[in-house]
Amino acid sequence: MRLSDLTDHTADFFRNAKTLAGQLRNPALRLGVTGLSRAGKTVFITSLVHNLINGGRLLFFDAAASGRLKAAYLEPQPDDTLPRFEFEDHLAALTGQPPYSAPTWPQGTRHISQLRLTLEYEPDDLLNRTFGSNRLHVDIVDYPGEWLLDLPLLSQSYDDWSRQTWQMSLEPNRAVLSKDWRQFTKSIDPTAAQDEAIARQAADLFKAYLTACRQDSFALSTIPPGRFLMPGDLEGSPALTFAPLHLPGSGSAPRGSLWAMMARRFESYKTHVVKPFFRDHFMRLDRQVILVDALGALNAGPEAVQDLQRAMSGILACFRPGKQTWLSALFQPRIDKMAFVATKADRLHHTSHERLEAILAKLTERAIEHAQYRGAEVEKFAIAALRTTTEVETRQDGEVWHCIQGLPEPGERLGDQVFDGKSEVVIFPGDLPANPDYALRQGCAGCDDEARKISRLGLNFIRFQPPRPHFNQATGIAVLPHIRLDRVLHFLLGDKLP
């Protein structure tokens, strides 16, 4: 073991001991919220906090439904070095409060942030009322899921990462998007002298390839480094100015070469970007919510679904699930509850929600089995943190169609129709298949007749605008409607409010 590793482990032990001692006086829970881009992290946290603070409709969150939840409010966060989650700004966007003239979607997660929510409650039994605490601090930590894709880099060399990334870029769904970067990479000599201009051009083309993967028409999951598309204050730094190089054959490049410079910056990225996130934030989480935009991938086709499945496997392999004990809390903190959440269920009729959960289960099957084997509790949900549609039924030729009604985003398409974003529409979004395997390999070569039949039906998951807020007449507070957010809350927090 290196001296630096020993120092890190010692510091972790004393920090964990301090945290555990504080828990005895003031119970607190660190709840991580993550998901790949456009999974709905910002809206999820904003709606969750708003509904708790303002007594939203939380029928399946026992502490709230039974009246034992007496108050919920925000307090200053304990970590002075972390940005605060901009709850008030995001709520203003969703409800159309100034400076917004109409409801709009808030900006997505670009960096790590935190918010402390305190819950005051009445304990359910005499023992807890007499000796227990009646207050729980919930520290919500919001971070991009793309950052989790970086954690496997800690065990990879630059050569390993370059080869893996190069092979992935040759896959059919990525080859066109990566063409410019691959052509440039092939035109340069990685053993030539290091050159900053060439390094910058290679990095820019590589970032352009990663950006193209995220377009709605492809919906491909980002490959590491995750900070390339969310650089923050590191933008333009050498630590983010590198790219995979194609080095034919085996062997190593000489010192002072372009390859050596890229490898050095790759190691610097791991040391100064990946390790601090892993040590200071990721390792300290108690419970985790993983949001998944499965509908976006289904819209884009089987390649996007398979890519999402691979990305989720990579992300979920990073977690340390297991039953939390005082000993593990000191030496190796674990995540004892994980909620896998398929978002944007309001783009479907409720008759397909269970099928969406089944598809989510299939996407995360291995990770769920691993977490349960290690002793963690795992649950799956199909939700809408902010419901943007209502359900309607229409009849055509004597047949009932389960449809949804809402206000589409301007420019959204359904076949040849382009919506202007000014009028509500009623659409049939399609029915998800009862067998989740069909959804994961829709239209693929070798599929059976039933899978191809389902694929030909088509799925129409368009984006809708946030609804005009309804205000509680007694309080004047905006109501944020949701689907099953209360079930997620009960799973994550119910046992902490005894």
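What residue, of R135, R110, R116, is basic (K, R) and closer than 30 Å to P410 by Cβ? Break it down into steps so the answer makes sense when it comes.
Numbers: R135 fails: closer than 30 Å to P410 by Cβ; R116 fails: closer than 30 Å to P410 by Cβ.
Going through R135, R110, R116 in turn, the sole match is R110.
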ask   = Which members of region 45-71 meet the condition of being small (G, A, S) and assigned to a helix (DSSP H, G or I)?
value = S47, A63, A64, A65
query = Would you say E412 is farther than 20 Å from I483 by Cβ and modelled with pLDDT under 90?
reply = no
query = Out of all the residues in region 222-247, which are over 22 Å from the mean Cα position of the chain (by Cα), assigned to a helix (DSSP H, G or I) and in contact (Cβ under 8 Å) with a residue 60 or more places away in the chain?
reply = none
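Here are T42, T118, T19: which of them is part of a helix (DSSP H, G or I), assigned by TED's automatic domain parsing to the domain that holds A311, at pLDDT 90 or above and closer than 18 Å to D139 by Cα? Don't jump to the end; show me each part of the working.
On the way: T118 fails: part of a helix (DSSP H, G or I); T19 fails: at pLDDT 90 or above.
The match here is T42.
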inquiry  = So, D216, is that one of a type outside the set (A, V, I, L, M) and modelled with pLDDT of 75 or more or not?
reply    = no
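I need the full set of residues from region 83-115 which are part of a helix (DSSP H, G or I) and either within 24 Å of G145 (Cβ to Cβ) or of a type in the set (G, A, S) (or both), in order please. If you could, list the steps in order and put the result at the bottom.
Step one: filter region 83-115 for residues part of a helix (DSSP H, G or I), giving 87-95.
Within region 83-115, F87, D89, H90, L91, A92, A93, L94 qualify.
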request  = Specify which of the listed residues (A219, A199) is of a type in the set (A, V, I, L, M, F, W, C), touching a Lys or Arg at 6+ places or on another chain (Cβ under 9 Å) and assigned to a helix (DSSP H, G or I).
outcome  = A199
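When only residues in region 423-477 that are among the aliphatic types (A, V, I, L, M) and outside the structural domain of I404 (by TED's automatic domain parsing) count, which is modelled with the lowest pLDDT? Can you show your working first?
Here is the first cut: in region 423-477, the residues among the aliphatic types (A, V, I, L, M) are 425-427, 432, 434, 439-440, 445, 451, 454, 457, 459, 462, 474, 477.
Subsequent filtering for residues that are outside the structural domain of I404 (by TED's automatic domain parsing) retains 474, 477.
Working: A474: 73, I477: 84.
Among residues in region 423-477 that are among the aliphatic types (A, V, I, L, M) and outside the structural domain of I404 (by TED's automatic domain parsing), the one modelled with the lowest pLDDT is A474.
Taking the options K270, K207, K186, name whichever one is modelled with pLDDT of 90 or more, out of contact with any strand residue (DSSP E or B) (no Cβ under 8 Å at 6 or more places or on another chain) and surrounded by fewer than 16 Cβ atoms within 10 Å (Cβ to Cβ). Reasoning before the result, please.
Working: K270 fails: surrounded by fewer than 16 Cβ atoms within 10 Å (Cβ to Cβ); K207 fails: surrounded by fewer than 16 Cβ atoms within 10 Å (Cβ to Cβ).
One residue alone meets the criteria, K186.
The values are calculated or read from the model by the stated rules, or taken from the named source; none is laboratory data. Small disclaimer: the values here were computed from a predicted structure and weren't measured. Reconstructed Cβ throughout: ideal geometry from the backbone, glycine too, with neighbour counts over all protein chains shown.
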